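Below is one structure, written out as C-alpha cells, with a few remarks after it.
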Amino acid sequence: MVIGSLRVHLEIPGNNSLKGKRRVLKSLMERIKNKYNVSIAEIEDQDKHRLATLGIAFVTNDTAVANRVLNQILDFVDNFGEVMLLDYMIEIL
C-alpha cells in the first residue's frame with residue numbers, strides 16, 4: 001500500500017471574509033475530490049481570510065501512480081483562477 005500526501009498553502013487574493021473563503025475552498029475541494037477521488041480537508045489557517053492550507057491524501061498500490069496523481073492535482077490547483085499557490089509539499093509513504 002502506498003499513501004501519497006500533498007499539502008498546499010494557498011492565498012485567496014482580494015478576499016475579505018471567511019464566508020468568501022469558504023465559498024472558494026468549497027468549490028476547489030469539491031472539484032478535486034470529484035475529479036481525482038482523493039480525501040481533502042482544510043488543515044490550517046482556518047481563521048485567516050486570505051490564507052488556506054489544504055491536506056490531500058491518495059491511496060494506491062503504485063508509487064508512480066501516487067506521484068502522477070498528486071502532481072496533476074498540484075497543476076489543477078495552480079491553474080484554478082481564484083487562488084494563488086504559495087507553497088506545497090508532496091510526501092509518499
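The values are calculated or read from the model by the stated rules, or taken from the named source; none is laboratory data. Computed from a predicted model, the values in this text were never measured in an experiment. Every residue, glycine among them, receives a Cβ derived from its backbone with ideal geometry; neighbour counts consider all protein chains shown.
What number of residues within segment 11-29 are surrounded by 11 or more Cβ atoms within 10 Å (Cβ to Cβ), at pLDDT below 95 and assigned to a loop (DSSP other than H, G, I, E, B)?
Of the residues in segment 11-29, 1 are surrounded by 11 or more Cβ atoms within 10 Å (Cβ to Cβ), at pLDDT below 95 and assigned to a loop (DSSP other than H, G, I, E, B).
Consider Gln46 carefully, then state whether it is loosely packed, with under 15 Cβ neighbours inside 10 Å, assigned to a helix (DSSP H, G or I) and not hydrophobic (A, V, I, L, M, F, W, C).
No: the conditions fail for Gln46.
Taking segment 60-83, which residues are exposed (fewer than 14 other Cβ atoms within 10 Å of the Cβ) and either among the β-branched types (Val, Ile, Thr) or touching a Leu at 6+ places or on another chain (Cβ under 8 Å) (or both)?
Hits for segment 60-83 are Thr63, Val65, Asp78.
Condition first: among the charged types (D, E, K, R), in a strand (DSSP E or B) and in contact with a His (Cβ under 6 Å, 6 or more places away or on another chain). Can you find one or more residues in segment 32-43 that meet it?
No, segment 32-43 contains no residue that is among the charged types (D, E, K, R), in a strand (DSSP E or B) and in contact with a His (Cβ under 6 Å, 6 or more places away or on another chain).
Those residues that are among the acidic types (Asp, Glu) and either within 30 Å of Asn16 (Cα to Cα) or assigned to a helix (DSSP H, G or I) (or both), I need them from segment 50-85; list them, please.
Asp75, Asp78, Glu82 - these are the residues of segment 50-85 that are among the acidic types (Asp, Glu) and either within 30 Å of Asn16 (Cα to Cα) or assigned to a helix (DSSP H, G or I) (or both).
Could you identify the single residue in Ile3, Ile32, Ile90 that is of a type in the set (Val, Ile, Thr), in contact with a helix residue (DSSP H, G or I) (Cβ under 8 Å, 6 or more places away or on another chain) and exposed (fewer than 13 other Cβ atoms within 10 Å of the Cβ)?
The conditions single out Ile3.
Of the conditions (1) within 10 Å of the chain's Cα centre (by Cα); (2) closer than 13 Å to Leu10 by Cα; (3) not small (Gly, Ala, Ser), Leu51 clears all except one; give me its number.
The single condition Leu51 does not satisfy is (1).
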